[in-house]
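A quick write-up on the structure given underneath.
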Amino acid sequence: MSTTSPILLTGASQRLGLHCARRFLEAGQALIISYRQEREAVAQLRELGVTCLQADFSTEQGILDFIAQVKSRTTTLRAIIHNASLWVAEDGADAQAFSQMMNVHVLAPYLINEHCTPLLMQSAQADIIHMTDDVTRKGSAKRIAYSASKAALDNLTLSFAARLAPHIKVNSIAPALIMLHPDDDADYQRRATAKSVMGTVPGPEVIYQSLRYLLDTPYVTGTTLTVNGGRHLK
């Protein structure tokens, strides 16, 4: 899948994004990534030739500044993968938390898609992929703002797919729990794995495989690929 046009992958300094960045590099794919905080992994990616751009997607100006950085470094993009995510604890009617998550999960993809469409049009194949969340299936009593922002991102998939066809495919991936944290105890792991019929926490490779499918298939657009191990069956 290697092309001379880079893939723009947001939120690639850790966990799912970092794994996918490394896998794209192994496939010979040029990359531009965003990161919020400087980490050792970012320095390693930079040494491997990745264009690493610091970004603050929680404000409109931060998003626009990032777009300007992207445009100053490339005139073409193979794909945009919106992986950057934010979870802020919600304490009742917390307008600031709601606004921040809407900016990261909705406004940033909206503005980046709008401003970078001309770059995608320069590529023979072009894709936009939104990383949403399986929580949008039924909402969340404890994470209302987060769930609403991810649902809005899922809806952007439909609208941009209709607008940008046939040259640019637009899809989303809705994962459930994919990776555990190092400090997750045995009881949490047991409860987490019991939520799906597959009974496992698969690890980040399933997300890279899902990205590859959407990037490589020529006839899928406006679709949400659910990667939840069959949680909807329980």
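Taking interchain pairs and intrachain pairs at least six residues apart, which have beta carbon atoms under 9 angstrom, with the first residue in the range 48-61 and in a strand (DSSP E or B) and the second among the aliphatic types (A, V, I, L, M) and surrounded by fewer than 17 Cβ atoms within 10 Å (Cβ to Cβ)?
Cys52/Ala43
For Ala12, state whether it is of a type in the set (Gly, Ala, Ser) and within 18 Å of Thr75 (Cβ to Cβ). Spell out the reasoning first.
On the way: of a type in the set (Gly, Ala, Ser): yes; within 18 Å of Thr75 (Cβ to Cβ): no.
Here the answer is no, as Ala12 does not meet what is asked.
Go through the residues of the range 134-156 one by one and say whether even a single one is under 17 Å from His82 (Cβ atoms), among the hydrophobic types (A, V, I, L, M, F, W, C), out of contact with any Pro (no Cβ under 7 Å at 6 or more places or on another chain) and buried (at least 22 other Cβ atoms within 10 Å of the Cβ).
No, the range 134-156 has no match at all.
Mind checking whether some residue in the range 139-149 is touching a helix residue (DSSP H, G or I) at 6+ places or on another chain (Cβ under 7 Å) and closer than 18 Å to Asp56 by Cβ?
Scanning the range 139-149, I find at least one residue that is touching a helix residue (DSSP H, G or I) at 6+ places or on another chain (Cβ under 7 Å) and closer than 18 Å to Asp56 by Cβ, so the answer is yes.
Considering only residues of the range 62-91 that are farther than 19 Å from Lys150 by Cα and without any contact (Cβ under 8 Å) to a residue 24 or more places away in the chain, which is surrounded by the most Cβ atoms within 10 Å (Cβ to Cβ)? Let's see the steps before the verdict.
Going residue by residue through the range 62-91, those that are farther than 19 Å from Lys150 by Cα are 62, 64-79.
If we keep only those that are without any contact (Cβ under 8 Å) to a residue 24 or more places away in the chain too, we end up with 62, 65, 68-69, 72.
On the way: Gly62: 17, Asp65: 14, Ala68: 11, Gln69: 15, Ser72: 9.
If we take residues in the range 62-91 being farther than 19 Å from Lys150 by Cα and without any contact (Cβ under 8 Å) to a residue 24 or more places away in the chain, then Gly62 is surrounded by the most Cβ atoms within 10 Å (Cβ to Cβ).
Which helices (runs of 4 or more DSSP H) sit wholly inside the range 65-178 and have at least 2 residues that are closer than 22 Å to Tyr208 by Cβ? It would help to see each step written out before you state the result.
Numbers: elements: 95-102, 108-120, 144-164.
It comes to 108-120, 144-164.
Between a first residue in the range 197-216 that is without any contact (Cβ under 8 Å) to a residue 60 or more places away in the chain and a second residue that is among the hydroxyl-bearing types (Ser, Thr, Tyr), which pairs have beta carbons less than 8 Å apart while being 6 or more apart in sequence or on different chains?
Cβ pairs passing all conditions: Gly199/Thr193; Thr200/Thr193; Val201/Thr193.
Against the definition (touching a Leu at 6+ places or on another chain (Cβ under 8 Å) and aromatic (Phe, Trp, Tyr)), how does Tyr146 come out, yes or no?
On the way: touching a Leu at 6+ places or on another chain (Cβ under 8 Å): no; aromatic (Phe, Trp, Tyr): yes.
For Tyr146, the condition - touching a Leu at 6+ places or on another chain (Cβ under 8 Å) and aromatic (Phe, Trp, Tyr) - is not met.
Modelled with pLDDT under 95 and surrounded by fewer than 18 Cβ atoms within 10 Å (Cβ to Cβ): is that true of Ala162 in this structure? Even if it seems obvious, please write down each step before you answer.
Values: modelled with pLDDT under 95: no; surrounded by fewer than 18 Cβ atoms within 10 Å (Cβ to Cβ): yes.
Against the criterion (modelled with pLDDT under 95 and surrounded by fewer than 18 Cβ atoms within 10 Å (Cβ to Cβ)), Ala162 does not qualify.
Looking at the range 177-234, which of the residues that are of a type in the set (Ser, Thr, Tyr) and closer than 16 Å to Asp134 by Cβ is surrounded by the fewest Cβ atoms within 10 Å (Cβ to Cβ)?
Within the range 177-234, the match that is surrounded by the fewest Cβ atoms within 10 Å (Cβ to Cβ) is Thr200.
Every residue, every condition in (1) of a type in the set (Val, Ile, Thr); (2) closer than 18 Å to Leu225 by Cα; (3) in contact (Cβ under 8 Å) with a residue 60 or more places away in the chain, yes or no:
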| position | (1), (2), (3) |
| --- | --- |
| Ala95 | no, no, no |
| Ala108 | no, no, yes |
| Glu114 | no, no, no |
| Ser123 | no, no, yes |
| Asp134 | no, yes, yes |
| Arg137 | no, yes, yes |
| Tyr146 | no, no, no |
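Residues of the range 191-210 being part of a helix (DSSP H, G or I), over 29 Å from Phe160 (Cβ atoms) and out of contact with any Ser or Thr (no Cβ under 7 Å at 6 or more places or on another chain), which ones? Walk me through how you get there before you give the answer.
Residues of the range 191-210 that are part of a helix (DSSP H, G or I), as a first pass: 191-193, 205-210.
Then keep just the ones that are over 29 Å from Phe160 (Cβ atoms); that gives 191-193.
Within the range 191-210, Arg191, Ala192 qualify.
Does the range 7-27 include one or more residues that are free of Cβ contacts under 8 Å to residues at least 12 places away in the same chain and within 22 Å of Pro109 (Cβ to Cβ)?
No, there is no match, as no residue in the range 7-27 is free of Cβ contacts under 8 Å to residues at least 12 places away in the same chain and within 22 Å of Pro109 (Cβ to Cβ).
Could you check how many residues of the range 211-234 are more than 28 Å from Ala186 (Cβ to Cβ) and either in a helix (DSSP H, G or I) or not β-branched (Val, Ile, Thr) (or both)? Walk me through it before giving the result.
Step one: of the range 211-234, the residues more than 28 Å from Ala186 (Cβ to Cβ) are 211-225.
From the residues that got through so far, the ones that are either in a helix (DSSP H, G or I) or not β-branched (Val, Ile, Thr) (or both) too are 211-216, 218-219, 222, 225.
Of the residues in that region, 10 qualify.
Exactly one condition in (1) at pLDDT below 95; (2) within 25 Å of His19 (Cα to Cα); (3) over 17 Å from the mean Cα position of the chain (by Cα) is false for Val135; which is it?
Condition (3) is where Val135 drops out.
The values are calculated or read from the model by the stated rules, or taken from the named source; none is laboratory data. This is a predicted model, so every value here is computed, not measured. A quick note on method: Cβ atoms are made from the backbone with ideal geometry, for glycine too, and the neighbour counts reach across all protein chains shown.
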